[in-house]
Amino acid sequence: MDLRKVLIWGGVAFVVIIGAVLLMRPAGGGVQDVSPARANELVAEGVRVIDVRTPGEYELSHIPGAENVPMDSLGSVASEWDRSEPLLIYCTTGARSAQAVTYLEAQGFETIYHLAAGIIAWDGDLERGSEIVPMPADVTPGAAPVMYEFSTDW
Amino acid sequence: MKPVVDRLKQEYDGKVEFRIYDVDKSSEGQELMRRYGAQYVPTFVFVNSDGAEVNRAVGEVSEDEMRRLLDSLE
């Protein structure tokens, strides 16, 4: 067999293998970055929603029905999940959730939707925690202008 | 962001009060976030000495932008 035939049959085999791999994937499976609008549809359809931010961030506001599974506990918690169940993953800006998506895909989760723009871009309803915290005493304006920074150690 | 904020905190000492809250550890920080209607971290809220909020920024903010926002405070 000359080199030309080897290249042709090699190319055919490559196309067949790629096609077979794609056909074996579940419909809509794999990892998909989704827009806030699509994420809203998925939430309405009842897709399992995972918020990988910290408990403090989750407490402030989260997508209705989302489960809080912070990054540092994702490995242990997700090991119990059904890998065929579709997941919608998000964080604040998409940075941490991108890591979570990579991890979950490597663990064999079949269908992962990623709200790549984060909850910042979410324009649907939000839920807040029910904890009532007393108003702090020192929120009155001072003599100087104030810059408040609300952050977390992640 | 922390090195930038630390540097600016020193630079603006006496001109702007920096109130920094870790919302995972501070219930006061959480309540202040609610008070200001902030939903995401990091959020920076810029408040004049009369208590009026004049600017806010969410997410990563460049040092130049942070300086501009701090300089706009009265």
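The values are calculated or read from the model by the stated rules, or taken from the named source; none is laboratory data. Predicted, not measured: the structure shown is a model, and the values here were computed from it. Cβ coordinates were reconstructed from backbone atoms using ideal geometry, including for glycine residues, and neighbour counts include every protein chain displayed.
Summary table below
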quantity: Residues of region B:37-52 that turn out to be surrounded by fewer than 16 Cβ atoms within 10 Å (Cβ to Cβ) and either within 9 Å of chain A (Cβ to nearest Cβ) or touching a helix residue (DSSP H, G or I) at 6+ places or on another chain (Cβ under 8 Å) (or both), as a count; calculated: 4
quantity: Some residue of region A:51-58 being surrounded by fewer than 19 Cβ atoms within 10 Å (Cβ to Cβ) and under 13 Å from A:Tyr113 (Cα atoms); calculated: no
quantity: Any hit, region A:94-108, residues being modelled with pLDDT of 95 or more, over 10 Å from the mean Cα position of the chain (by Cα) and charged (D, E, K, R); calculated: yes
quantity: Sole exception among (1) under 17 Å from B:Lys15 (Cα atoms); (2) in contact (Cβ under 8 Å) with a residue 12 or more places away in the chain; (3) more than 7 Å from chain A (Cβ to nearest Cβ) for B:Arg56, by number; calculated: (1)
quantity: Residues satisfying the stated conditions in region B:63-74, i.e. in contact (Cβ under 8 Å) with a residue 40 or more places away in the chain, more than 9 Å from chain A (Cβ to nearest Cβ) and not basic (Lys, Arg); calculated: B:Glu63
quantity: Checklist (1) facing chain B (nearest Cβ under 10 Å); (2) of a type in the set (A, V, I, L, M, F, W, C); (3) without any contact (Cβ under 8 Å) to a residue 40 or more places away in the chain applied to A:Val77, failing item; calculated: (1)
quantity: Total residues in region B:9-35, condition in contact with a helix residue (DSSP H, G or I) (Cβ under 9 Å, 6 or more places away or on another chain), farther than 29 Å from A:Ser61 by Cα and more than 7 Å from chain A (Cβ to nearest Cβ); calculated: 2
quantity: Any hit, region A:143-150, residues being more than 17 Å from B:Val41 (Cβ to Cβ), facing chain B (nearest Cβ under 10 Å), crowded, with 21+ Cβ neighbours inside 10 Å and at pLDDT 90 or above; calculated: yes
quantity: Counted residues, region A:45-65 - those being at pLDDT below 95 and out of contact with any Ser or Thr (no Cβ under 8 Å at 6 or more places or on another chain); calculated: 9
quantity: Filtered residues of region B:8-29 (kept if more than 24 Å from B:Arg67 (Cβ to Cβ) and of a type in the set (Asp, Glu)); calculated: B:Asp24, B:Glu28
quantity: Number of the condition not met by B:Val4 [criteria: (1) facing chain A (nearest Cβ under 9 Å); (2) in contact (Cβ under 8 Å) with a residue 60 or more places away in the chain]; calculated: (1)
